[in-house]
Amino acid sequence: MNFSKKILSQTVTQICLAAGVDHIVISPGSRNAPLTIGFTQHPSFSCFSIVDERCAAFFAMGMAQQLKKPVALVCTSGSALLNYYPAVAEAFYSNIPLVVISADRPEHLIDVGDGQTIRQENVYTNHICYSANCKEGEEHQEFNETEISKALYTALHERGPVHINVPFSEPLYETTNDPSVVFDAKTWEERMGKPISEDLGETSYAEFIKDWKAAKRKMVLVGTLPPNELDKRYIDLLAEDESVLVFTETTSNLFHEQFFPSIDKIIMPLEEKDFESLQPDILLTFGGMVVSKKIKAFLRNYAPKAHYHIDPKTGYDTYFCLKHHFKTSLNQFFERFAKDHEANKSGYRTHWSQVKQHRSLAHSRYEQQTPFSDFKVFSILVETLPKEVLVQLANSATVRYSQLFDLDKSLEVYCNRGTSGIDGSTTTAVGAAYVSQKQTVFITGDLSFFYDSNALWNDHIPNNFRIIVINNGGGGIFRILPKAKDSQHFETYFETQHGLTAQHLAAMFNFDYTSAHDEATLRSTLSDFYAASNQPKILEVFTPAKVNDKVLKDYFRFIS
């Protein structure tokens, strides 16, 4: 086995191994050669080479999302690590552990006109959980070991991105069979210790229980969550209390027949008197970012008396009435809550269950009569998705349309909602598909797909990966936004109309390609789209751009 002669490279690889960081995504370059040699020559690391740094970072993020542990990114010096930044920001707000390991020029070559050189130290300052700025030279060994260890410990226990900057002087490619650094798992555990468990906070918890018991109208709002995050007994506990409304989103992966999915379907048609009736006395939230703009606007305008949030790491004051943030895990909180909970008699949920039933019946009637459009396509996709697949959603219109439909509870649903950008959606789905044992279906709009088309330049795409591109010829969501269509040069600078299709991209990257322009063709194509194949598949569905916004607006009027 060959090792890089660079002591700093050996230190990085040994500590990664000790910390269990064994999936390494490498962006090819020269300055990072010592790291590339160290990782690729060791059999315990699974290494992936992806040329486009932005895609490499989102691919790593997709893997970390599914593995639920840190994945490392390795790049050369200069602008390379800046191309990681979109994924770093997404990981920061989505609580996904990424470890960026950037090679750098030695300190004396920074800002002297040397090529491929920028100020790399602390470059992610505003969106990073820890920055380790290593120093070259054996005299800095203890400092480097401590900094690298702190970074990996932070990624593991704070569920977020960290940055390790490692300078290397030339020569870069020398190897040795006898490593100078040994850092095993036992040494790692002794140095770092176990994570400190968070205290529930007795005073604040007692205040919460008092507020909870006194409230007749309790609302629980669940943001983005991985599947099976909350134990079923606690789900049932919330469902049994008729004074509790539990609003869930497509990305919450939380299901119960008494809960309220499709938030916008409930809220969008409401009038002022209805909002007053819906206003909760107390709000309990958990999970990550919330997609629905309507629920955010509602809770800001009709604020509860108190808002409590549960999360080991972050508690955003999204509704400007946060009373306390419980820094603990969901199941730890609800284990205590179950002992103190008392169900209340209340007509709160009964009334809104009737509203939900009315909306569902109207929704079904509208589905039957709506013309071919984005809405109709989503209706058909939700109906025909195979059970127990992993669904990845792109941002903008895609995730918002999905919120209007009740998805099968066997599906696992993900979307990059940390920063809600269209960049990297496809590549994240590819990374997730690679490590998942399940078939992965990625549903995207045309702009998101073409923006991230380098995602297909990847040797690790499984044959059961499926992409559904809904192509309405531009940024369809802008037609839905209030007064957007009144803007001058709307088609050019907002909707960004185009005539592109995915057909030639599919051919170039060896994807099977089919298309549909109407309901009959779409249903026929979907009949075997998910079947086993020798290559991944793209289905491109073309919808009429100038019909979609009217169909959606008519929908909300129809279900009111």
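List of remarks:
- Of Leu67, Leu35, all but one fail to be under 17 Å from Tyr414 (Cβ atoms) and outside the structural domain of Gln437 (by TED's automatic domain parsing); the exception is Leu67.
- Of everything listed in (1) modelled with pLDDT of 95 or more; (2) of a type outside the set (Val, Ile, Thr); (3) farther than 18 Å from Met63 by Cα, the single unmet condition for Glu412 is (3).
- For Gly29, the conditions (1) crowded, with 24+ Cβ neighbours inside 10 Å; (2) among the small types (Gly, Ala, Ser); (3) more than 21 Å from the chain's Cα centre (by Cα) are fulfilled apart from (1).
- Unmet requirement for Thr36, which otherwise passes all of (1) hydroxyl-bearing (Ser, Thr, Tyr); (2) within 17 Å of Asp184 (Cβ to Cβ); (3) outside any loop (DSSP other than H, G, I, E, B): (2)
- Counting only strands (runs of 3 or more DSSP E) that fall entirely inside the stretch 57-157 and contain at least 1 residues that are more than 24 Å from Ile37 (Cα to Cα) and without any contact (Cβ under 8 Å) to a residue 40 or more places away in the chain, the qualifying elements are 130-133.
- Test result for Asp317, surrounded by 18 or more Cβ atoms within 10 Å (Cβ to Cβ) and charged (D, E, K, R): no
- Matching residues, the stretch 365-374, being assigned to a helix (DSSP H, G or I) and either out of contact with any Gly (no Cβ under 7 Å at 6 or more places or on another chain) or aromatic (Phe, Trp, Tyr) (or both): Arg365, Tyr366, Glu367, Gln368, Gln369
Rundown of residues vs (1) of a type in the set (A, V, I, L, M); (2) farther than 19 Å from Leu152 by Cα; (3) touching a residue at least 24 places away in the same chain (Cβ under 8 Å), yes/no style:
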| position | (1), (2), (3) |
| --- | --- |
| Thr13 | no, no, yes |
| Cys16 | no, no, yes |
| Ser27 | no, yes, yes |
| Leu35 | yes, no, yes |
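- Of all residues in the stretch 519-560, those being outside any helix (DSSP H, G or I) and either closer than 14 Å to Leu381 by Cβ or touching a residue at least 40 places away in the same chain (Cβ under 8 Å) (or both) number 15.
- Filtered residue count, the stretch 459-473, keeping only those that are in a loop (DSSP other than H, G, I, E, B) and touching a Gly at 6+ places or on another chain (Cβ under 9 Å): 3
- Residues in the stretch 271-294 that are outside any helix (DSSP H, G or I) and free of Cβ contacts under 8 Å to residues at least 12 places away in the same chain: Glu271 only.
- Test for Glu367: is it in contact with a helix residue (DSSP H, G or I) (Cβ under 6 Å, 6 or more places away or on another chain) and over 24 Å from Ala455 (Cβ atoms): yes
- Some residue of the stretch 334-346 being of a type in the set (Lys, Arg), within 24 Å of Asn548 (Cα to Cα) and touching a residue at least 60 places away in the same chain (Cβ under 8 Å): no
- Out of Thr419, Thr398, Thr428, sole residue that is over 18 Å from Pro226 (Cβ atoms) and within 10 Å of the chain's Cα centre (by Cα): Thr419
- Those residues of the stretch 39-56 which are in contact with a strand residue (DSSP E or B) (Cβ under 9 Å, 6 or more places away or on another chain) and part of a helix (DSSP H, G or I), in sequence order: Phe39, Thr40, Glu53, Ala56
- Among residues of the stretch 35-61, those that are polar (S, T, N, Q) and either buried (at least 24 other Cβ atoms within 10 Å of the Cβ) or under 22 Å from Phe168 (Cβ atoms) (or both), counted: 4
- Residue within the stretch 193-208 that is surrounded by 15 or more Cβ atoms within 10 Å (Cβ to Cβ), in contact with a helix residue (DSSP H, G or I) (Cβ under 8 Å, 6 or more places away or on another chain), at pLDDT below 95 and among the hydrophobic types (A, V, I, L, M, F, W, C) present: yes
- Test: Phe286 is of a type in the set (Phe, Trp, Tyr) and touching an Asp or Glu at 6+ places or on another chain (Cβ under 7 Å): yes
- Residue match in the stretch 118-126 (condition: among the aromatic types (Phe, Trp, Tyr), at pLDDT 95 or above and out of contact with any Asp or Glu (no Cβ under 6 Å at 6 or more places or on another chain)): yes
- Some residue of the stretch 484-500 being modelled with pLDDT of 95 or more and out of contact with any Pro (no Cβ under 7 Å at 6 or more places or on another chain): no
- You will find that of Val222, Val182, Val162, the residue that is crowded, with 22+ Cβ neighbours inside 10 Å, under 20 Å from Ile15 (Cβ atoms) and of a type in the set (A, V, I, L, M, F, W, C) is Val162 and no other.
The values are calculated or read from the model by the stated rules, or taken from the named source; none is laboratory data. Nothing here was measured: the structure is a model prediction, and the numbers come from that model. Note that each Cβ is placed from the backbone with ideal geometry, even for glycine, and that neighbours are counted across all protein chains shown.
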